[in-house]
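In what follows, a single structure is set out as structure tokens and then discussed.
Only the coordinates and a few stated rules stand behind these numbers; no lab work does. Just so it is clear, the model here is predicted, and its values are computed rather than measured. Glycine gets a Cβ as well: all are built from the backbone with ideal geometry, and neighbour counts include every protein chain shown.
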Amino acid sequence: MLMAVRDLETGLLRSFVTAVRAGSITRAATALGHTQPALSQQLRRLESVVGRPLLHRSPSGVSPTRAGEELLPYAERILSLSAQALTETGRALTGHCGVGLLEDLAASQLPQALADLARLHPGATLEVLCSSNAATREAYDTGRVQLVLDEVKDLPGPPRWTVRRPLVWAIGQGVEVTADPLPVVLFSSTCTWRTSVLETLERAGRRWRVAFESNSLLGVLAAVRAGLGVAALMPANLEPAMACHDADALPALPDVEFGLARHPRTGGDPLVDAVETALRRMI
């Protein structure tokens, strides 16, 4: 007896990824050009194929369940590979392209998308640089880096395009989100996210205390894993055990605006074109 084969359709995966990124069925439907009922139906179809709920739905929006968090990186990579295969098959790209990435973005699926692109074009060399703003600007000015994807205010040149992405709360094991004051894990004082997080808590009337701070994502993640407090992260860097499933437990965080700067001397370079396209698809 033949067993039924379950396939993950790229259209359903795109609907799921867009809904998670947007944090709202309504915003995702608008971005995809669908009606809200049609998008909801597609999401239910995907949940039926996977066999588990993928989204927490509430009046304030949607967030991924544990199963959704596990599926998300696979869905993003499948969509990226599909797009790259359609675009790059038959082309042979060569040369060097350096990319400056914010550390929080480098910890997401973006480097994997670039690795997949490099695998399609073995004659090309791709380099990812995660460094300080000053070092990234120097690499950009000297030609080592041709593309920089970072917060708009930190770009070394004018943005070719921008995009807004949400921040989410990461909750340490055993941390009580109703604690007064709330223990907070922060990036160092040079990070604008720090100001945004503290201003959000102040507006919500929540008292807070700094439990830990670090200038690196690894340090912040380690502190949250250790149960020292709560932190604001990008959804792609949120580990399943850190998710906050109570939409009203903490105030909604502001979006972060990212942009991409491209060195003006790279106009018409097919490799840089391909890398920029891959970055835009993933972000």
Checklist entry - What number, rounded to the nearest 500 deg cm²/dmol, is the helix-based mean residue ellipticity at 222 nm of the chain, given -39500 (n - 2.57) per DSSP H run of at least four residues and division by all its residues? => result -13000 deg cm²/dmol
Next on the checklist: As a test, work out the antiparallel percent of DSSP beta bridges whose residues both lie in the chain, rounded to the nearest 5.
Outcome noted: 55
Checklist entry - Looking only at VAL20, VAL50, VAL148, which one moves most when the chain is put into a Gaussian network model with springs between Cα atoms under 10 Å? => result VAL50
Checklist entry - Among ASP273, ASP180, ASP150, which comes first, second and so on when ranked by fewest other beta-carbon atoms within 10 Å? => result ASP180, ASP273, ASP150
Checklist entry - What's the longest piece of the chain with no exposed GluC sites (Glu not before Pro), counting a site as exposed if DSSP puts it in a loop and it has at most 13 other beta carbons within 10 Å? => result 10-175
Checklist entry - Given +1 on the Cβ of Lys and Arg, -1 on the Cβ of Asp and Glu, and no further charges, what dipole in debye does the range 81-214 carry about its Cα centre, rounded to the nearest 20? => result 240
Next on the checklist: I'd like the distance separating the alpha-carbon centroids of the range 119-133 and the range 157-210, in whole Å.
Outcome noted: 31
Checklist entry - Gaussian network model of the chain, Cα springs within a sub-10 Å range: biggest mean-square fluctuation belongs to which of PRO64, PRO264, PRO111? => result PRO264
Item to check | For the range 168-253: rounded, prolate or oblate by the Cα gyration tensor [a/c cutoff 1.5] | outcome: rounded
Item to check | Max mean-square fluctuation residue, GNM over the chain, Cα-Cα springs under 10 Å, options LEU101, LEU32, LEU110 | outcome: LEU32
Checklist entry - If we count every other residue with Cβ under 13 angstrom of PRO181's Cβ, Lys/Arg +1 and Asp/Glu -1, where does the sum land? => result 0
Item to check | Label-to-label distance, nm, for residues given as SER60 and CYS244 (7 Å Cα→Cβ offset) | outcome: 0.7
Item to check | the range 179-214: trypsin sites (Lys or Arg not before Pro) in DSSP loop, at most 14 other beta carbons within 10 Å | outcome: ARG207
